[in-house]
Each structure stands twice: as C-alpha cells, then as structure tokens.
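Participant: Starting off with a structure, shown below.
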C-alpha cells in the first residue's frame, strides 16, 4: 500500500472519516520538513537535486549502473533516442552524463571519467550508446534495441480525441519517465520546452504522429510552434480532458469529474461547468477544506490506487502536480491558488 505521505491525517481533523485510519502505515519512516521546504518535497523525484557519492569505487559504480540499467532499460533506450537527433546511434559526452544523472544516478567528475574510459569513442569523440548499454548493462549488441517507428502509424489521420486518449493513457502509465524526459530536454530547468521538443517526447514515448495530426493536436491545446510550452500545464490539461479520466488506474471503471456536480458542506450543488475559480469564489477556505475532507473518504480507494500507480518506486511521495491531477480527477477540481493554500494548511501533518 502506498504510504500516502502527501495526504494529511483526515481522522484527526475530521473524526467521522474513519476509513482513513491507516492512511500512514506505522512502518513508514518519519520525515520532518519545515514549512519553507514544504513545496519542494512535492516536486517530481526527477527534479530533486541528487548528490553524487564520492566514496563509491569504480566497481561500486559499475555494479549500481548494471542494476539500474537492467531495471530501466526501456526508458533509457527511449532517452537515448530522444537525444539522438541525427539517428547515428551516438550522443555527446554531456548528453550521456545528463542521461546517467537523470535516469540512473549522479556521478562525480572522476567517476564519470572512469565510465567514459570503458567506452570506445567515435573519431569525433561521440559516445556509441549501444556500447555503453552493452558494457554497463549487459545488453546484446547484436539486437537492434532502438525501434524507430513508422510501421505502427495509422494509414488514416486520427481525430484529436483519439490522439488524446492514446497519448494520455501512455503518458500517465509512465508519468515519472515522462517527467524525466522533459527534464532531460529542459536543461535550463525553466519548466518550458519548444513545441517541436514536446512533439519529440510524445513521439518517442507515446506514438508517432503525422504532421497534420500533431498540428491539430497542438492547436487543440493552444500550442504555437513559436511559443514555449509549459509541460506541467500541458500534462494537467491533458489529464483534465473528459476522455482522459485515469481509467487504467481503476480497471474498467470510468470516472469523469467534469460531469460530476460539486456540493459544498451544506449540500448545495456547486456545478463545475464554469471555471474552477468561479465555482469556489463564494466560499472561504474553511468551507472548502470541510467540503473537500467530507468528499475524499467516498473515493479514498480510487485516490490511493491512483497515487500508488504514480509512485512505482514505493517511496510514498508524488509530485505536487501529480497530486493535483489525481485530486482534480477523483475528488474536486480546485483552482491552483486554493489547492496551494490547502497544501500549506496541511503541511504540518505531511510527512
């Protein structure tokens, strides 16, 4: 069971929500965070600044790399494909280090140089990444591990709804890898990438699209080819679509929060047809918190499964953006401003 460290102890604040008594297992290690560092712990694990361990020997590094490459082979192959824009099966030294840091483990400069010393470079000094995968991950060089699609493309043009469904399901099944892919491209850590880079991530990790398909998909999400894309906002908007209701978390159950009326603690219907700001503007934070806490137990199992699905490493933590996506989907859609206020209010019980 997921530690659910991102949800406060509802039973303490609202005794009638008895179903949540096991929200935080006793076996969970206690971690204390200051209020100032509260928001940082919700960032994707891929965005946390990891520190290399300088005392690891080369044999230690090689052993750890082998374990991690074996465990994350598919994501690594896709990451190399993402950066291999020339399709010559090579990446630069800097690109290799970014991939190792993002998907595997941080290395000191000396440790990375030891890794490089084991790989035969091309005449231009580039890294043949199949050699890296073979030497440190035991992959068979005789197998063409990189599949560059084209064969799976549909002969007819898909509709926006079809693209949304296919892309959304693949993204949210593998959300952590997608975040890491965005981070790999977002070298300056601004949260922004170009439209062409977004397309490359989608086509590398999800599905290939014809030019006309991507054009109408981008238009539907107000993505302009000359304007940077906030990939966190894109993921949120993608998940909020009626056709993307995290069905894969719940098996055959279909959930669509857009069609569900919202009620406050007084039983008054808060229709969600307008913007989320308009829905909640007449209610103070105490009323919103009470309403939210009364509704959460009704969909507790669904929320728990969705959070657990977004935490494949079983660390008990998910990103703040991912938490909002899940709560928007299964509980109530809240404006980000109100959501952040609630998170700050509950920060003293978050571990």
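Coordinate-derived values only; no laboratory data. Everything numeric in this text was worked out from a predicted model, so none of it was measured. When we count neighbours, we look across all protein chains shown, and the Cβ atoms used for this are built from the backbone with ideal geometry, even at glycine.
Participant: What is the distance, in nm, between label points placed 7 Å from the Cα along the Cα-to-Cβ direction at residue 117 and at residue 72?
Facilitator: The two pseudo-label positions are separated by 2.5 nm.
Participant: Also: Using a 7 Å offset from the Cα along the Cα-to-Cβ direction at both residue 301 and residue 224, what is the distance between the two label points in nm, to one decimal?
Facilitator: A separation of 4.8 nm, rounded to one decimal place.
Participant: Okay, next question. Residue 336 label point, 7 Å along Cα→Cβ, cut-off 15 Å on backbone N: hits in segment 183-218?
Facilitator: It comes to 190-193, nothing else.
Participant: Starting from the Cα-Cα distance between residue 281 and residue 186, subtract it from 0.36 nm times their residue separation and give me the gain in nm to one decimal.
Facilitator: Numbers: separation 95, 0.36 × 95 = 34.20 nm, distance 3.52 nm.
Net length gain for the segment: 30.7 nm.
Participant: With a point put 7 Å past each Cα toward its Cβ, work out how far residue 166 is from residue 315 in nm, to one decimal.
Facilitator: A separation of 3.2 nm, rounded to one decimal place.
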